[in-house]
1. Excluding HIS330 itself, calculate the net charge of residues whose Cβ lies under 10 Å from the Cβ of HIS330, where each Lys or Arg counts +1 and each Asp or Glu counts -1.
2. Against the globular-protein guess of 2.2 N^0.38 Å, express the Cα radius of gyration of segment 225-267 as a ratio, rounded to two decimals.
3. For segment 169-225, state which trypsin sites (Lys or Arg not before Pro) are in a DSSP loop and have at most 12 other beta carbons lying within 10 Å of their beta carbon.
4. What trypsin sites (Lys or Arg not before Pro) does segment 242-283 have in DSSP loop regions with at most 14 other beta carbons within 10 Å?
Amino acid sequence: MILARPCPQEPPKLTHGSIPIQTRGVHKLGRRSTLALGRALPDVEIASSARLWRSSLGLSVMYVVVCRLVELVVLLGRRDRSKELEILVLRHELSVLRRQADRPRFESRDRLLLAALSRALPRRSWHAFSVRPETLLRWHRRLVANHWTYPHRSPGRPPIGGEVRELVLRLARENTSWGYVRIVGELRKLGIDLSATLVRNILQAAGVPPAPERDRLAWRSFLRQHAATTLACDFLTVDTVLLRRVYVLVFICIGSRRIEYTACTSNPDGDWMLQQARNLLMDLDDHGQRPRLLIHDRDSKFSRAFDTVFRGDGVNVIRTPVRAPNANAHIERRVGTVRRECLDRLLIFNRRQLERILRVYVRHYNKQRPHRALVLQPPDQPTAPSTRDQFPGSAAAIRRRDVLGGLIHEYEAAAA
């Protein structure tokens, strides 16, 4: 019985004379391929895989031997007549299977058993095996080819890493006016050397168009760029206990979500509106803010004289379409917030009380209330790092402040 050279990761190949035992799953590594594999894997992994393969092969051999010994004991106890009849039945079944089934698939224990039985049978009886001499020649040709096949890699530059690819896509998406060469220059500043052709291939594979197509200004980007210098205003009404209506004029900055100015009156005539416009511009000038746009609806209270005051200061006035509150959605949402959180929960007796309540609520709104558009930060508070790992450790370290008689609660960490 001739044993082929085993591979540390493949089971051995067994042949006997001109009859090979294995027909599928044969993969051999030649001497040079084994050396290349040894260079690629650590010696410890090769030794451990070899030991694991040897142990599994030994268990398989022991299992086959024990099973055949048991069958031999049973066979010796039977009569010769019954044995011959069983042999005839098995031969007929084998001939039927050869006519109907495809090429058989042998496992390691099957090859081991057939090789052992071939040593006990004379050569003239080898036709009982399903393996032909052509199979043996094919195995030999494959063995020679694997022996003289050297490990090689595909020509060309090695592929770039996933992190570099994501960085190229990030630069292209965040800077729509940057072309391939500009992206290459920014990458070289970061210590990454790529060619413009490679950058183009990466962007094309990801479906990112070139700079002229990416540089088209979308409405979302346009509005976001002008939101910091855009104001919106609107009226809300409050009915007192004595059923007197009070008008509240509210101005907010769309970019910062900050309530910039509020004013109350029971008679919003033209003179009062002009005075509020001047007061707002003076407050913005004190804070160093220079708005460029003002959005309001077509209410008759916003007269032409009111708009002229803003245009004289370089502010363009935009009137929303008729009966289109969604065109000024930011101020509409702020008005709804003021009603739900404050005014709808209190009884208002007069204008002075309403002014005091709005003054307290505006301070809470600008300095304490988190906003979704600001990553859950108040408008007047700079973005601070999360203090999840610096939690005081007990509820007693959190202090609560009641606002408007306990209608609103503000929480902060107590000083150490």
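1. Values: positive: ARG257, ARG333, ARG334; negative: ASP234, GLU332.
Result for the local shell: +1.
2. Working: Rg = 13.3 Å, N = 43, 2.2 N^0.38 = 9.2 Å.
Here the Cα radius of gyration is 1.45 times the empirical estimate.
3. Numbers: sites: ARG170, ARG173, ARG182, ARG188, LYS189, ARG200, ARG214, ARG216, ARG220, ARG224; in loops: ARG216.
Taking segment 169-225 and a limit of 12 other Cβ atoms within 10 Å, the loop trypsin sites (Lys or Arg not before Pro) found are ARG216.
4. On the way: sites: ARG244, ARG245, ARG257, ARG258, ARG278; in loops: ARG244, ARG257.
Here the sparse-neighbourhood loop sites are ARG244.
Values quoted throughout were computed directly from the atomic coordinates according to the rules given, and no laboratory measurement underlies them. In this text the structure is predicted, and so the values were computed from the model without any measurement. Glycine also receives a Cβ, built like all others from the backbone with ideal geometry; neighbour counts cover every protein chain displayed.
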